[in-house]
Amino acid sequence: MSSAAQYRPETRLVHSGTLRSQFAETSEAIFLTQGYVYKTAAEAEARFKGESPGYQYSRFANPTVAMLEQRMADFEGAQACRATATGMAAVTAALLGQVKAGDHAVAAKAMFGSCRYIVEDFLPRYGVESTLVDGTKLDQWRKAIRPNTRTLFLESPTNPTLDVIDIKAVADIAHNAGATLVVDNAFSTPIWQKPLELGADCVVYSATKHIDGQGRCLGGLVLGSNEFIEKHVHVLIRQTGPSISPFNAWVMLKGLETLAVRVERQTQTAGKIADALAGHKKLSRLIYPGRADHPQADVVAKQMTGGSTLIAFEIKGGKDAAFRFQDALKLVLISNNLGDAKSLVTHPATTTHQRIGAEARAELGITDGIVRLSVGLEHADDLIEDMLAALDRA
Ligand SMILES: *Cc1c(COP(=O)(O)O)cnc(C)c1O
């Protein structure tokens, strides 16, 4: 296994973690196998006792999955990584793995719909109380802390309004209370933000998004110190079984090789689109981390090294106008997904955030005119022309 710590980040995304078989293949092999065989009964015994290195069963570990985990850990600067079947399996393992009945968790209320489900519905069902706060207000985090608070959870930038939360400040609040901080870094990607360096104890990804980046497979990743992963995540994943398929792990592994070039280009294009749309007469608001008029531009400058592949904007005229805009797009596709090579547009109020209800949406600033754009790899000018033409018809 090449541990490529001496190389620069983009080089590590291409080479770290490669396990070359006896055939010396250039591209990493897909080890599509459930199990492994042993030369002797004694070797099987030693393997199960942990006295002989090697694989036993692909729910526990698999060489293709191990390559993905090692490459990602290397890039993130984490001691340990575990891959999961989906991003939600990663979030669930990171949160459930830390708590027991009687504990308390705090989370920023602006988050991916299914994450809110875990915090608001599942944790309480198992005796873990949770408090939701406005993540951009540090006072609310401080006030929410109780003696039994075990973990804090946030995503930044948030979905879909792209608010930015001060990760270092929230990590300090967590640590002062003897709690941990888990950050969902899916929107930002490891290219632009490194939560562990900012003090987080655990970072999770939906690899489904930018890491695949071409809309093919689901996957998730949990990263942290050896201690965090061993104590909270390792056994839970092994024994409850949200393991990623080796095929999907391979797609993610190859996705990492092009992650930097894709995210850099998509971000550059998003910046051009944001500038082209800002101040448009059909828009009442445009939010782009990377523009000086972002509400938390100071925090963006402090903790992110680049902008975002996502833009949010509010179309005047509410749902009808937002629908007319989406339906008039010829190139940008209507989808609830993000991080794809194809540009995708979402109307959160009627899709991803339908479940939480009008009151919770109002609280999060998700009005009926808000549209989220995930910028792909098309030419910036084609996208800008498509968007401007569709806005004319909104
Ligand atoms: C998509 C997403 C998830 C869930 O990931 P899946 O791979 O769909 O399970 C979690 N958090 C964020 C921020 C996401 O964008």
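Treating the angle as unsigned and between 0 and 90°, give the value, to the nearest 10°, between the Cα long axis of helix 318-328 and the longest Cα principal axis of the chain.
On a 0 to 90 degree scale, this one is about 70.
Cα centroids of region 48-85 and region 192-219: how far apart, whole angstrom?
The distance from the Cα centre of region 48-85 to that of region 192-219 comes to 17 Å.
So if each residue of separation counts as 0.36 nm, and I subtract the Cα-Cα distance between Ala278 and His379, what length gain in nm does that give?
34.5 nm
What order do you get for 12-25, 64-77, 366-379 when each peptide is scored by the mean count of other beta carbon atoms within 10 Å, highest first? List each step's numbers first, then the result.
Values: 12-25: 14.4, 64-77: 23.6, 366-379: 21.7.
Per-residue mean Cβ counts within 10 Å order the peptides as 64-77, 366-379, 12-25.
Need one word for region 248-394: rounded, prolate or oblate. Basis is the Cα gyration tensor (sqrt eigenvalues a ≥ b ≥ c); a/c below 1.5 gives rounded, then a/b vs b/c decides.
On the way: a/c = 1.38, a/b = 1.34, b/c = 1.03.
It is rounded, given that a/c, with a ≥ b ≥ c, falls under 1.5.
Quick one: which residues, 5+ away or cross-chain, put their amide H under 5 Å from the amide H of Arg285? H built at 1.01 Å from N.
Residues meeting the criterion, in which the H sits 1.01 Å from N, are Glu314.
Which cross-chain or sequence-distant (5 or more) residues have an amide H under 5 Å from the amide H of Val133, H modelled 1.01 Å from N in plane?
Ala107, Ala108, Lys109
At a Förster distance of 45 Å, what's the computed FRET efficiency of Lys100 paired with Ala297, Cβ-Cβ distance as r, to 0.05? Mind dumping the intermediate values first?
Details: r = 40 Å, r/R0 = 0.89.
The formula returns an efficiency of 0.65 here.
If you put +1 on each Lys and Arg Cβ and -1 on each Asp and Glu Cβ, how big is the dipole of region 7-255 around its Cα centre, in Debye rounded to 20? List each step's numbers first, then the result.
Numbers: 25 positive and 25 negative charges, 56 e Å.
Here the size comes out at about 260 debye.
Order of 264-273, 158-167 by packing, highest average Cβ count within 10 Å first?
158-167, 264-273
Take every DSSP beta bridge whose two residues both sit in region 19-154, then give the antiparallel share in percent to the nearest 5.
Values: 1 of 10 bridges.
Within region 19-154, antiparallel bridges account for around 10 percent of the total.
Compactness ratio of region 42-186: Cα Rg over 2.2 N^0.38 Å, N = residue count?
On the way: Rg = 17.8 Å, N = 145, 2.2 N^0.38 = 14.6 Å.
So region 42-186 has a normalised radius of gyration of 1.22.
Which lysines, on any chain, are close to Lys316 with Cα under 23 Å apart, when same-chain ones fewer than 8 places away are left out?
Cross-link targets: Lys272, Lys281, Lys282, Lys330.
Quick query: amide H of Leu181 versus all other amide H atoms, modeled in the peptide plane; which residues come in under 5 Å with a sequence gap of 5 or more or a different chain?
Leu152, Asp201, Cys202
Rounded to two decimals, what ratio of Rg to Rh does region 6-70 give with C-alpha atoms and a Kirkwood Rh? Mind showing how you got there, number by number?
Details: Rg = 14.3 Å, Rh = 13.6 Å.
The Rg/Rh ratio comes out at 1.05.
Which listed residue (Gly54, Ala101, Ala362) has the Cα farthest towards the positive end of the charge dipole for the chain, taking +1 on Lys and Arg C-beta and -1 on Asp and Glu C-beta about the Cα centre?
Going by the charge dipole, the pick is Ala101.
Rounded to whole Hz and in sequence order, give me ³J(HN,Hα) for region 228-244 from the Karplus expression 6.51 cos²θ - 1.76 cosθ + 1.60, θ = phi - 60°, writing x for Gly and Pro.
4, 5, 4, 6, 10, 10, 4, 5, 4, 5, 4, 8, 9, x, x, 6, 7
Let me know the shape class of region 169-253, please: from the alpha-carbon gyration tensor, a ≥ b ≥ c as square roots of the eigenvalues, rounded when a/c is under 1.5, otherwise prolate if a/b is greater than b/c, or oblate.
Oblate, because a/c is 1.5 or more while a/b does not exceed b/c.
Local charge sum around Ala380 (other residues, Cβ-Cβ under 12 Å, Lys/Arg +1, Asp/Glu -1)? Kindly include the intermediate steps, with their values, before the conclusion.
Values: positive: Arg265, Lys272; negative: Asp275, Glu378, Asp381, Asp382, Glu385, Asp386.
Result for the neighbourhood of Ala380: -4.
Under 29 Å between C-alpha atoms is the cut-off here; go through region 7-255 and count lysine pairs that meet it, provided they're at least eight residues apart or on different chains.
Pairs that pass both the separation and distance tests number 29.
So how tilted is helix 246-277 from the main axis of the chain? Cα-based, degrees 0 to 90, rounded to 10.
Approximately 20 degrees, to the nearest ten.
Between 0 and 90 degrees, rounded to the nearest ten: what's the tilt of helix 87-96 against the longest Cα principal axis of the chain?
70
Work out, in µm²/s and without decimals, the Stokes-Einstein translational diffusion coefficient of the chain at 10 °C, 1.306 mPa s, Rh from Kirkwood over C-alpha pairs.
On the way: Rh = 21.8 Å.
The diffusion coefficient I find is 73 µm²/s.
Residue by residue through region 296-303, which ³J(HN,Hα) values in whole Hz follow from phi under the Karplus form 6.51 cos²θ - 1.76 cosθ + 1.60 (θ = phi - 60°), with glycine and proline marked x?
10, 4, 5, 6, 4, 4, 6, 10
Which ³J(HN,Hα) values, rounded to whole Hz and listed in residue order, are derived for region 345-357 from phi using the Karplus coefficients 6.51, -1.76 and 1.60 in 6.51 cos²θ - 1.76 cosθ + 1.60 with θ = phi - 60°, glycine and proline given as x?
10, 10, 10, x, 4, 9, 10, 4, 10, 5, 4, 6, x
Bear in mind that the values in this text are calculations on the coordinates, not laboratory data. Everything numeric here is computed off the predicted structure, so don't read it as measured data. Note that we place each Cβ from the backbone using ideal geometry, even for glycine, and neighbour counts take in every protein chain shown.
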